[in-house]
Amino acid sequence: MADPSTYRPAPGAIPTSPGVYRFRDAHGRVIYVGKAKSLRPRLSSYFQDLAGLHPRTATMVTTAASVEWTVVSTEVEALQLEYSWIKEFDPRFNVKYRDDKSYPELAVTLDEEYPRVQVMRGAHKKGVRYFGPYGHAWAIRETVDLLLRVFPVRTCSNGVFKRARQVGRPCLLGYIGKCAAPCVGKVSADEHRALAEDFCDFMAGRTGNYLRRLEEQMQEAAADMEYEKAGRLRDDIGALKRAMEKNAIVLADATDADLLALAEDELEAAVQIFHVRGGRVRGQRGWVTDKVEDVDTAGLVEHALQQLYGGGNESVPREVLVPALPEPAGPVKEWLSGLRAAQTGKGSQVDLRVPQRGDKKDLMATVQRNAQQALALHKTKRASDLTTRSRALQEIADALELDSVPLRIECFDISHLQGEDVVASMVVFEDGLARKSEYRRFQIKGFEGQDDVRSMHEVITRRFRRYLQEREQTGEWAVPEEGTDDEPGTPSGPADPTETRDEAGRPRRFAYPPQLLVVDGGQPQVAAARRALDELGIDDVALCGLAKRLEEVWLPGEDDPVVLPRSSEGLYLLQRVRDEAHRFAITYQRSKRSKRLTAGELDSVPGLGETRRQALLKHFGSLKRLRAATVDELCAVPGIGRRTAETVAAALSSRTPAALAVNTATGEIIDDSAETARTVADAAPQTAPSQETP
């Protein structure tokens with residue numbers, strides 16, 4: 001535990017300007033980010049007598065080893081920088097509302113020639129009209145299914161749409177009246193756009209005039225004895241009313257507002273948000289967080305607003321109703337107004353306030369009840385879960401005779417298919433929970449063939465060599481002379497020691513050691529891992545292996561395994577860690593194998609990038625015609641020079657053409673169009689792995 005007086009800034013060194021400050025621990029990791037209207041009094045408050053600090057604040061300042069700050073011009077800039085740093089550094093002592101859900105929205109792509117209605121998630125795109133968010137995608141589809149009867153807007157994908165235009169025949173929705181079938185010319189582009197705009201108007205809450213117009217048309221049709229038309233209009237009105245009933249009217253003045261309410265106790269807080277558009281509740285979402293810092297209701301509201309709108313995925317309405325105003329409220333209002341102006345393209349002030357009376361106060365009470373129920377439900381689930389995790393960690397510590405419970409556990413697994421595409425995975429569990437941002441994947445390139453023991457030695461060496469390189473930067477360790485060169489042929493990313501953490505303190509690959517290292521396997525794998533640690537001079541990391549056959553726990557140098565009871569929570573946690581490492585490894589191995597097997601003939605032509613590959617296939621139509629083309633014909637393709645054309649011709653001529661494909665059901669030879677589709681698919685860009693391979 002550090003003494004805050006050892007890193008307290010000198011008197012008068014802290015400026016009085018607005019700014020953002022960061023506390024770091026002994027490893028250089030950012031553990032807390034805060035902002036202040038005036039930095040000097042705020043930072044000075046942290047260095048008073050520990051007895052006068054809140055227990056959480058006292059824990060933070062004794063965990064920290066240094067403090068630094070950045071001066072900004074205004075409080076709005078401080079608010080923006082604080083949010084950016086919290087997202088970047090993920091400090092452990094900051095309140096963070098963790099929402100692992102991506103909420104779906106109903107989107108109308110008005111930027112296309114033929115607008116399409118679809119379910120979309122993620123960041124908003126320019127030219128697309130959004131409605132929501134909704135709690136479930138099926139709720140959107142039910143609403144759309146009802147509205148398509150009246151507004152038969154296109155819902156098909158671009159591929160289906162183009163196919164229908166080519167064959168001159170609409171899809172099933174076109175036949176049953178739930179699509180106007182612009183693909184085959186039943187309506188013009190302008191008529192279809194008018195349908196899409198009517199759909200948007202109805203979803204935006206402008207329903208009264210449209211329903212009255214339909215009722216008038218129904219009465220006129222009945223008066224003219226056009227009973228079939230009147231019946232269809234009657235059914236259309238019923239469908240629209242059923243769609244309207246799915247979103248109850250809560251505010252009569254067609255208000256656009258977000259209502260945010262909180263429920264909290266000494267340890268945790270739950271936030272609930274109702275999205276009201278056109279006077280109707282269009283969506284609901286919520287989060288629960290641990291109160292790891294000393295923060296009041298106003299501070300929780302400010303953090304929630306940052307979480308909700310800071311990412312740019314959520315539209316900012318005219319009104320934001322909260323249970324307590326942040327202190328001060330002016331910078332937050334200015335920040336929200338700036339976000340709304342950027343989204344709408346025009347200036348617009350956001351009204352951030354606490355409702356005092358009327359329908360909005362009543363609705364806020366409903367949101368508050370939802371927050372209380374969410375917190376109660378979370379605590380019911382968390383109680384048993386937290387107890388179980390604590391017991392599991394303690395059982396592991398007792399069984400392995402560790403000095404303390406292993407708060408950070410790393411597990412390694414090797415995966416391959418008959419010696420090909422050999423890969424390894426590293427998964428991390430902290431406090432008994434998976435920390436997926438710390439997962440890593442490796443390609444084994446130190447040797448060829450199948451050797452799990454040698455692969456495990458290589459992976460452990462590479463992981464902890466990176467750790468020692470980071471320690472060398474801080475002067476705490478010296479890297480051994482042998483093996484200082486990292487793995488041969490790292491597949492992506494540089495392999496220099498600065499990859500662990502940069503000067504700003506951003507977390508990188510292998511900066512922190514585990515308390516327990518688990519390998520998937522028995523005595524041979526454990527011995528290989530122990531040998532790798534010994535070669536690097538690391539003796540303060542506990543090591544064990546979990547064998548699949550009898551779920552035995554092997555320790556280095558022991559002839560007999562440690563057998564945990566089948567009902568042991570510690571064994572169950574180790575199994576979960578091992579199974580997660582296996583899943584992560586085999587997923588990566590399969591993706592590499594799939595990419596290798598689906599690579600096209602043009603992928604390995606030197607100097608030929610994705611754009612020119614597609615240009616060649618589009619120009620010639622198929623790989624067969626491309627293979628038969630001369631150098632002069634290749635040069636006729638835009639972007640293809642003579643040297644590239646000669647390289648392509650030489651590469652294709654040196655390969656044996658693929659055998660003709662035969663339909664086994666009919667015995668006929670599949671024509672060249674199939675090859676065209678296949679080669680175009682081969683030329684499509686491959687999706688890169690979500691994590692860099694170390």
Could you tell me whether any residue of the stretch 74-84 is at negative phi, out of contact with any Pro (no Cβ under 7 Å at 6 or more places or on another chain) and assigned to a loop (DSSP other than H, G, I, E, B)? no
Residue 280 fails exactly one of (1) touching a strand residue (DSSP E or B) at 6+ places or on another chain (Cβ under 7 Å); (2) over 16 Å from residue 83 (Cα atoms); (3) of a type outside the set (Phe, Trp, Tyr); (4) modelled with pLDDT of 75 or more, namely (4)
Among the residues that make up the stretch 554-561, is at least one of them open to solvent by less than 50 Å² (accessible area, probe 1.4 Å) and either β-branched (Val, Ile, Thr) or farther than 12 Å from residue 400 by Cα (or both)? no
Can you find, within the stretch 340-362, the residue that is most open to solvent (accessible area, probe 1.4 Å) among those that are of a type in the set (A, V, I, L, M, F, W, C) and modelled with pLDDT under 85? 342
Picked from the stretch 340-355 (must be assigned to a loop (DSSP other than H, G, I, E, B) and not small (Gly, Ala, Ser)), the residue farthest from residue 327 (Cα to Cα) is 346
Going by what's in this entry, would residue 40 be described as free of Cβ contacts under 8 Å to residues at least 60 places away in the same chain, in a helix (DSSP H, G or I), on the phi < 0 side of the Ramachandran plot and open to solvent by 20 Å² or more (accessible area, probe 1.4 Å)? yes
Restricted to the stretch 137-153, and to residues that are in contact (Cβ under 8 Å) with a residue 40 or more places away in the chain and more than 14 Å from residue 200 (Cβ to Cβ), which residue is surrounded by the fewest Cβ atoms within 10 Å (Cβ to Cβ)? 142
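So that you can scan it fast, the table gives a plain yes or no per residue for (1) modelled with pLDDT under 80; (2) within 24 Å of residue 210 (Cα to Cα):
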{"residue": "75", "(1), (2)": "no, no"}
{"residue": "81", "(1), (2)": "no, no"}
{"residue": "93", "(1), (2)": "no, no"}
{"residue": "101", "(1), (2)": "yes, no"}
{"residue": "114", "(1), (2)": "no, yes"}
When you look at residue 590, is it open to solvent by 70 Å² or more (accessible area, probe 1.4 Å), in a helix (DSSP H, G or I), modelled with pLDDT of 85 or more and not acidic (Asp, Glu), yes or no? no
Which numbered condition trips up residue 188, out of (1) of a type in the set (Ser, Thr, Tyr); (2) at pLDDT below 80; (3) touching a Pro at 6+ places or on another chain (Cβ under 9 Å)? (2)
What are the residues in the stretch 64-75 that are farther than 15 Å from residue 38 by Cβ and surrounded by 19 or more Cβ atoms within 10 Å (Cβ to Cβ), if any? 64, 67
Search the stretch 387-415 for residues that are on the phi > 0 side of the Ramachandran plot and pair each with any residue that is assigned to a loop (DSSP other than H, G, I, E, B) and open to solvent by 20 Å² or more (accessible area, probe 1.4 Å) when their beta-carbon atoms are under 6 Å apart and the residues are at least 6 apart or on different chains. none
Residue that is nearest to residue 436 (Cα to Cα), among those in the stretch 504-533 that are open to solvent by 10 Å² or more (accessible area, probe 1.4 Å) and at pLDDT 90 or above: 530
Taking into account only those residues within the stretch 593-616 that are under 31 Å from the mean Cα position of the chain (by Cα) and in a loop (DSSP other than H, G, I, E, B), which is modelled with the highest pLDDT? 609
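One line per residue, one yes/no per condition, for (1) open to solvent by less than 20 Å² (accessible area, probe 1.4 Å); (2) in a loop (DSSP other than H, G, I, E, B):
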| position | (1), (2) |
| --- | --- |
| 190 | no, no |
| 198 | no, no |
| 214 | yes, no |
| 225 | no, yes |
| 235 | no, no |
Pairs where the first residue, in the stretch 601-627, is over 12 Å from residue 651 (Cβ atoms) and small (Gly, Ala, Ser) and the second is crowded, with 17+ Cβ neighbours inside 10 Å and modelled with pLDDT under 80, C-beta under 8 Å, 6+ apart: 621/676; 622/675; 622/676; 622/679
For the stretch 48-73, enumerate the residues that are within 32 Å of the chain's Cα centre (by Cα) and closer than 14 Å to residue 292 by Cα. 56, 57, 59, 60, 61, 63
Exactly one condition in (1) surrounded by fewer than 18 Cβ atoms within 10 Å (Cβ to Cβ); (2) touching a residue at least 24 places away in the same chain (Cβ under 8 Å); (3) assigned to a loop (DSSP other than H, G, I, E, B); (4) of a type outside the set (Gly, Ala, Ser) is false for residue 94; which is it? (1)
Scanning the stretch 163-182 residue by residue, those open to solvent by 20 Å² or more (accessible area, probe 1.4 Å) and in a helix (DSSP H, G or I) turn out to be 163, 165, 166, 167, 172, 173, 175
Mind listing whichever residues of the stretch 3-12 are assigned to a loop (DSSP other than H, G, I, E, B) and either surrounded by 10 or more Cβ atoms within 10 Å (Cβ to Cβ) or at pLDDT 85 or above (or both)? 3, 7, 8, 9
Limited to the stretch 232-262, what total is found for residues that are touching an Asp or Glu at 6+ places or on another chain (Cβ under 6 Å) and at pLDDT 75 or above? 1
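The values are calculated or read from the model by the stated rules, or taken from the named source; none is laboratory data. Bear in mind that the values here come from a model prediction, so they are computed numbers and not experimental data. So basically every Cβ, Gly included, is an ideal-geometry build from the backbone, and we count neighbours across all protein chains shown. We work out accessible area using only protein heavy atoms, side chains counted, and drop any ligands, DNA or RNA first. Shrake-Rupley method; radii C 1.70, N 1.55, O 1.52, S 1.80 Å.
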